[in-house]
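Below is one structure, written out as C-alpha cells, with a few remarks after it.
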Amino acid sequence: MAQIAYLQRWNALHDTIARMQGARSVEGAIEVVQETARHVTGADGVCVIRRIGDEVAYIAEDAISPLWTGQQFPIDSCVSGLAILHNRPIVIPDIEHDARVPLNLYLSTFVRSMAMFPVGMPVPTAAIGAYWRSRHDIDGRSIMLLSALARALGTVLQILPATGSAVPELRRAS
C-alpha cells in the first residue's frame, strides 16, 4: 500500500508540473502549486515564499490552519530565508530542537516538522515550505518529491511573465 501511495504522489507531481507548464503567468503557476502541493508532498501545509531584497514574503499557502500568508520576515531570521540564502534544502524533524526555527512564530501553529526548498537557479528567488503537525523524520520519498517540485517551479518561473504586482520579483534575484 505504501508503494501505491508513493506512486500516486509521483503521478500528482507529474500532473502538477504539467499544469504549471500550462500556466500563463507566474501567478498562475503559484496558484497551481498552492492547490496541489499538499497532495504531492503528503504534508499538512505548504507555503510559497518569495524573496524581496533582505526579506521574504509568504505569498501563498494551503494548510490545515492559517500560517503566514501576507507576512514578511527578515531573510536571515527564518528558515525559508536561510534556504534561499544558502541555496540548499533544510529539513527539520522537530522544530523545538533546531536553533534556526524562530519558535515564537511556530509554537502557536500546528507545525512540528518542516522542510524548506529553495526555488530558482542559479540564484534562488523563492522557496517552497512543507509542514507537518507531528514530529518525525521526514522520509526520503517526501524529500525527493519536494525537491522535484521546487526544481520544476523554478524552471517554470524562469519562462513565465509576471502579470500582476503580487509576485514580479520571483524571476530575478533581489
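When residue 103 is tested against (1) in contact (Cβ under 8 Å) with a residue 12 or more places away in the chain; (2) over 26 Å from residue 2 (Cα atoms), just one condition goes unmet, and that condition is (1).
Checked against (1) assigned to a loop (DSSP other than H, G, I, E, B); (2) touching a helix residue (DSSP H, G or I) at 6+ places or on another chain (Cβ under 7 Å), residue 19 passes all but condition (1). In the set 83, 99, 43, 29, only one residue is assigned to a loop (DSSP other than H, G, I, E, B) and buried (at least 17 other Cβ atoms within 10 Å of the Cβ); that residue is 43. Against the criterion of being assigned to a helix (DSSP H, G or I) and surrounded by fewer than 19 Cβ atoms within 10 Å (Cβ to Cβ), residue 134 does not qualify. From the list 54, 98, 94, 137, the one residue that fits, being modelled with pLDDT under 95, among the acidic types (Asp, Glu) and touching a strand residue (DSSP E or B) at 6+ places or on another chain (Cβ under 9 Å), is 137. Taking every residue in the range 115-131 that is in contact (Cβ under 8 Å) with a residue 12 or more places away in the chain and pairing it with any residue that is part of a strand (DSSP E or B) and among the hydroxyl-bearing types (Ser, Thr, Tyr), at least 6 positions away or on another chain, the pairs with Cβ-Cβ distances below 8 Å are 131/113.
The values are calculated or read from the model by the stated rules, or taken from the named source; none is laboratory data. Because the structure is a prediction, the values reported are computed rather than measured. Glycine also receives a Cβ, built like all others from the backbone with ideal geometry; neighbour counts cover every protein chain displayed.
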